[in-house]
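**Student:** Quick one: this structure, given as structure tokens, is what I'll be asking you about.
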Amino acid sequence: MTAGTSLVAMNDGELTTTSQIIADGTGIEHASVLRTIDGNRADFEDFGPLRFEIREGARLPQGGFAKGTRIALLSESQATLLMTFMRNIGPVKAFKKALVKAFYELARHGMALPQTRAEALRELASQIEANEALEAKAALDAPKVLFADAVATSKTTVLVGELAKVLRGNGIELGQNRLFERLREDGYLIRRAGSDWNMPTQRAMELGLFEIKETAVTHSDGHVTVNKTPKVTGKGQAYFVNRYSA
């Protein structure tokens with residue numbers, strides 16, 4: 001294999017990187033990287049045999065070369081394992097992303113990457129900023145996702161007023177009265193005046209967004225009436241969080 005300055009190269013038909021490249025990219029001493037590999041050899045060999053090369057050292061003034069350096073050739077899985085032993089901060093974090101990208105690009109294109117380690121890291125600097133922006137957005141969206149996962153199959157139903165609180169907890173500013181109005185406008189609650197006003201529409205019931213709770217009320221004169229109250233199902237809660245967060 002000709003190491004050159006590529007992060008990843010083809011070696012005997014397999015994509016590999018080296019312990020020296022990882023040491024240079026992360027700023028960790030190469031001897032320390034080798035100690036990590038040697039100390040966890042069984043773990044690395046779960047992903048295939050470890051391979052080493054002896055590279056010639058610097059040329060000596062009197063002729064010949066200094067003692068050679070032992071270099072580990074690492075497959076993508078072995079390189080990924082090695083990175084898990086390193087703290088995910090600073091240059092390690094940046095280089096880890098560069099290395100993953102290099103393996104991915106080389107596998108996709110089937111050719112050596114033209115970029116050097118320095119070029120890869122410079123390119124990754126802007127990508128890291130973009131990734132961090134996406135991660136920040138994902139963190140803001142996480143409550144909605146977690147909420148949807150938690151309640152979509154829940155048997156717990158809530159009143160529309162309680163749904164308004166749930167929406168506010170997910171960053172959707174709709175008070176109870178405004179929510180009733182919005183649900184009527186959007187065809188989930190009946191908007192015509194009469195006994196069915198604010199009851200779920202047939203469409204909303206077919207979607208499983210509401211249940212109707214019926215309560216028998218006995219009056220002082222003995223007659224009984226039935227009060228109907230719309231309640232939002234677990235599926236409905238998740239649905240409206242997603243519907244009104246757009």
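**Student:** What per residue convex hull volume, in Å³, do the alpha-carbon atoms of segment 165-223 yield?
**Tutor:** On the way: hull volume 8.0 nm³, N = 59.
Taking only Cα atoms, segment 165-223 has a hull volume of 135 Å³ per residue.
**Student:** Now for a separate question. Rank by packing, highest mean first: peptides 47-53, 92-98, with packing defined as the count of other Cβ atoms within 10 Å averaged across residues. Write down the numbers at each step before the final one.
**Tutor:** Values: 47-53: 13.6, 92-98: 19.6.
Per-residue Cβ counts within 10 Å, averaged per peptide and sorted highest first, yield 92-98, 47-53.
**Student:** Something else: Quick one: which of 215-227, 179-191 comes out on top by average Cβ neighbours within 10 Å, and what's the full order, highest first?
**Tutor:** Numbers: 215-227: 7.8, 179-191: 17.8.
Put in order of decreasing packing, that is 179-191, 215-227.
**Student:** Relative to the present Cα-Cα distance, how much length would full extension add between residue 184 and residue 217 at 0.36 nm per residue of separation?
**Tutor:** Numbers: separation 33, 0.36 × 33 = 11.88 nm, distance 2.69 nm.
Answer, rounded to one decimal: 9.2 nm.
**Student:** Arrange the peptides 194-207, 72-85 so that the one whose residues have, on average, the most other Cβ atoms within 10 Å appears first.
**Tutor:** Values: 194-207: 13.6, 72-85: 19.1.
Those peptides, ordered most packed to least, come out 72-85, 194-207.
Values in this text are rule-based calculations from the coordinates and carry no lab data. Source: prediction; values computed, not measured. Every residue, glycine as well, gets a Cβ built from its backbone with ideal geometry; the counts of neighbours run over all protein chains shown.
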